[in-house]
Amino acid sequence: LYAFTYSNGETKVIDTCKLPVIRKRIRPVEKQGQFESRCLWQHVTASLKAGNMDAATEHKHRLEEKQRIEGKQRAATKTAWKPKYFIKEGEGWVYHNPLWKTH
């Protein structure tokens, strides 16, 4: 079971065992942009699938360290981080083109 609460206080409980399994439809990694999640994390994922925790840990460390360095560089140059698909709303982030607004 999964329970979540809406911002209006209403709580909804879903039996996740009764939900249908829907396969993701994604572009192949080689057709993804360099900052897309599956592209960024592909070596970590492959290492985990191969059961190689040491390699997965190393790939994860390199990726996160690169992101830390990029963050420090943005801070040093006072360059704001501008996400491609999300906008800051209050204390959180919201997808800027939700499906319910496009149909």
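Every read-out reported here was derived from the displayed coordinates using simple, explicitly stated rules and does not represent laboratory data. No experiment lies behind these values; they were computed from the predicted model shown. Every residue, glycine as well, gets a Cβ built from its backbone with ideal geometry; the counts of neighbours run over all protein chains shown.
Here are a few things to note about the model shown:
This table checks each residue for (1) assigned to a loop (DSSP other than H, G, I, E, B); (2) touching a Ser or Thr at 6+ places or on another chain (Cβ under 9 Å); (3) among the aliphatic types (A, V, I, L, M); (4) free of Cβ contacts under 8 Å to residues at least 60 places away in the same chain.
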position: 22; (1), (2), (3), (4): yes, no, yes, yes
position: 25; (1), (2), (3), (4): yes, no, no, yes
position: 30; (1), (2), (3), (4): no, no, no, yes
position: 40; (1), (2), (3), (4): no, no, yes, yes
position: 48; (1), (2), (3), (4): no, no, yes, yes
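- When the stretch 19-72 is filtered for residues that are surrounded by 11 or more Cβ atoms within 10 Å (Cβ to Cβ) and of a type in the set (Phe, Trp, Tyr), only 41 remains.
- Yes/no for residue 85 being loosely packed, with under 10 Cβ neighbours inside 10 Å and among the hydroxyl-bearing types (Ser, Thr, Tyr): yes
- Taking the criterion of being among the hydrophobic types (A, V, I, L, M, F, W, C) and either under 24 Å from residue 42 (Cα atoms) or in a loop (DSSP other than H, G, I, E, B) (or both), the residues of the stretch 58-86 that qualify are 63, 69, 80, 81, 86.
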